Amino acid sequence: MHVIGTVGLPGSGKGEAATVAREEGIPVVTMGDVVRQETADRGLDPTKDHGKVAKALRDEHGPAAIAERSLPMIEDRLEDHDTVVVDGIRSDTEVDVFAERFGDRFTLVSIEAPFEVRAERIDARGRDADEDDGGEGLAARDERERGFGMDDAMDRADVVVENTDSLEAFHDRIRAVIREGSSRTDEELTTEGHQS
């Protein structure tokens, strides 16, 4: 059993990493799905109010609220799969939730790329930003993510993947990280320990 969490600023490649995981037959739990569901439950528009609801959830239920709400989804998928990828970790508090629940069986992967590279990727998508951000620019999104504690989470990563080369090269690196995490035995994980 292994849980691989991804962390990274907007446009860094977290969505592409999730795509690779799915291609490898590994289920992906997207923490944004928790926020999208809550946004819908509140009768708000997920395309405009995603960021506002993410902040509200943390304000109302504490900084670990979204991570805690994702745990049952992760554990449900672990019943049928050896590995699960958690997409969209945004703070060191959320890292704590997963590290406490899964211990040495949790690996945090930071996906990183310079601002200019990320901005070009987002522009290439044909819109200024993701559908979840309500039209917010990249610099503002970075600031919001950093306000959640993104930098502290990235600093705790067990593995850093630089995403500055071709998409194919990035997919190969992510595939290697996933396969290594998936193939490690419980004994290896216990011996190796968690590095953060």
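The values are calculated or read from the model by the stated rules, or taken from the named source; none is laboratory data. Here the structure is a predicted model, which means the values were calculated and not measured. Heads up, the Cβs are rebuilt from the backbone with ideal geometry, glycines too, and the neighbour counts pull from every protein chain shown.
Things worth noting here:
- Only residues that are more than 20 Å from G15 (Cα to Cα) and in contact with a helix residue (DSSP H, G or I) (Cβ under 8 Å, 6 or more places away or on another chain) were counted across region 72-87, and they come to 1.
- Failed item in (1) without any contact (Cβ under 8 Å) to a residue 60 or more places away in the chain; (2) basic (K, R); (3) more than 25 Å from R125 (Cα to Cα), with R22 passing the rest: (3)
- Applying the condition of being among the hydrophobic types (A, V, I, L, M, F, W, C) and surrounded by fewer than 24 Cβ atoms within 10 Å (Cβ to Cβ) to region 30-52 and asking which residue is nearest to A157 (Cα to Cα) yields M31.
- Count of region 1-29 residues, restricted to those that are surrounded by fewer than 18 Cβ atoms within 10 Å (Cβ to Cβ) and polar (S, T, N, Q), is 1.
- Residue within region 95-108 that is more than 26 Å from D49 (Cβ to Cβ), hydroxyl-bearing (S, T, Y) and surrounded by 16 or more Cβ atoms within 10 Å (Cβ to Cβ) present: yes
- All conditions but one from (1) at pLDDT below 95; (2) assigned to a helix (DSSP H, G or I) apply to P10; the one that does not is (2).
- In this structure, R101 does not qualify as at pLDDT below 95 and basic (K, R).
- Only a single item in (1) at pLDDT 90 or above; (2) touching a strand residue (DSSP E or B) at 6+ places or on another chain (Cβ under 7 Å) is not met by G88, and it is number (1).
- Residue pairs meeting the criteria (Cβ under 6 Å; at least 6 apart or on separate chains; first over 20 Å from A153 (Cα atoms), in region 58-77; second among the hydrophobic types (A, V, I, L, M, F, W, C) and surrounded by 17 or more Cβ atoms within 10 Å (Cβ to Cβ)): M73/V29; R77/V84
- Every residue from region 15-56 that is in a helix (DSSP H, G or I), at pLDDT 95 or above and touching a strand residue (DSSP E or B) at 6+ places or on another chain (Cβ under 8 Å): A17, A18, A21, R22
- Within region 122-148, residues that are modelled with pLDDT under 85 and of a type in the set (K, R) reach partners that are surrounded by 13 or more Cβ atoms within 10 Å (Cβ to Cβ) and assigned to a loop (DSSP other than H, G, I, E, B) with beta carbons closer than 8 Å, at six or more positions or on different chains, in the pairs R144/E136.
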